[in-house]
Amino acid sequence: MTSLALAAALRDERHGRLDMLPYARALDLHFDQDDSEVRLIMPFAIGLVGAPGRIHGGALAGLLEIAGLAAVIVAQADADQLPRIRPVTVTVDFMREGSPIDTHAAATVTRLGRRIVNVSSLAWQYDRSRPIAAANINFLLDWPEAT
Amino acid sequence: MTRGADDAAARQKRFLQRFLDSVPHLKLIGIGYRDHGKDWAELEMPFAEQQLADPDYGIIASGAIFTLLDNCAGFAVLVVRGEMIPYATLDMRVDYLRAPAAKATVIGHAECYRITRQIAFVRGLAHDGDPANPIANMAGTFMFTARADAMGMFPAPAGSEAAA
């Protein structure tokens, strides 16, 4: 699911949109990064609603997965030499309901392997210290045969 | 099956279809009703562009499959309860076994195999035509967030005593 365009945007820009992934475009995802991390923003929209007045858990899981993917991409040494990056297992805990406001997410790589990358991803709204959802994601990296 | 039972089943199906059609996020991703039984439910996600993570490879975003299975599991909980009770996902795990075939309709199937006063336990899978060859496997727990009678019963299934 790696997109070289995504990697290029994360390498070259501090802020931007993730429109190169149609699914991220549907969620209207933006990114914002500094030297320490990439943060994603999912602005509230009616299309995110599951139960009345609450963001659908699936949209939160999708946001957490893409935050994880971004963390895996920026952790790679060479943005021009990327493997295919696929989540193998995703476990999400939902701690608080998603209110109809913007949601933020950021992920940290807990172990960077050549084939497996373990990632911990958090989503929050009002207060980063009170996350609304958290995901543990194990990504599998498929390197091109040549390398 | 009697004519009356057929009508009741059709009525329940229409009710659930309308309910699912009214969920904005399902409409955004392109997920709709497929089928349900006493303790299981199925949703389907016909291929659509907004589900793609990588257009170059035609890879469906795992988040879209997660959404399909999450909602499918919640739907299975509702059919076991037989009422529109508010619930929230407590946790859910999805193992992505393989990529779906290009432009395939992805089907989510979930079974609520245990239910207590507060928690429902669900297992399920996603496939692209053959349930014996799944794309993804899921396990999740759901909790009830309000009183049982908060949102009312939905039309009883065929042959159910609850209709009386």
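Tabulated data
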{"item": "Modelled FRET efficiency - R0 35 Å, A:ASP32 with B:ILE119, Cβ distances, 0.05 increments", "result": "0.40"}
{"item": "Under 20 Å from the Cα of B:LYS103 - lysines, other chains or at least 8 residues apart", "result": "B:LYS27"}
{"item": "At R0 = 51 Å, FRET efficiency that the Cβ-Cβ distance of A:THR110 and B:ALA5 yields, to 0.05", "result": "0.40"}
{"item": "Alpha-carbon centroid distance for the pair the range B:40-91 / the range A:1-44, whole angstrom", "result": "24"}
{"item": "Cα-centre dipole for chain B with unit charges at Cβ (Lys and Arg positive, Asp and Glu negative), debye to 20", "result": "440"}
{"item": "Nearest-0.05 FRET efficiency for A:MET95 and A:TRP143, computed from C-beta distance (R0 35 Å)", "result": "0.50"}
{"item": "Residue-span extension gain [A:ILE46 to A:ARG25] - 0.36 nm each, minus C-alpha spacing", "result": "6.1 nm"}
{"item": "Residues B:GLU49, A:GLU65 arranged by fewest to most Cβ contacts within 10 Å", "result": "B:GLU49, A:GLU65"}
{"item": "Gaussian network model of chain A, springs between alpha carbon atoms under 10 Å - residue of A:ILE137, A:ILE55, A:ILE101 with greatest fluctuation", "result": "A:ILE101"}
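Read-outs: derived from the displayed coordinates by stated rules, not from any lab. Note that the coordinates shown come from a computational prediction; the quantities given were computed from them, not determined experimentally. All Cβ positions, glycine included, derive from the backbone under ideal geometry; neighbour counts span all protein chains shown.
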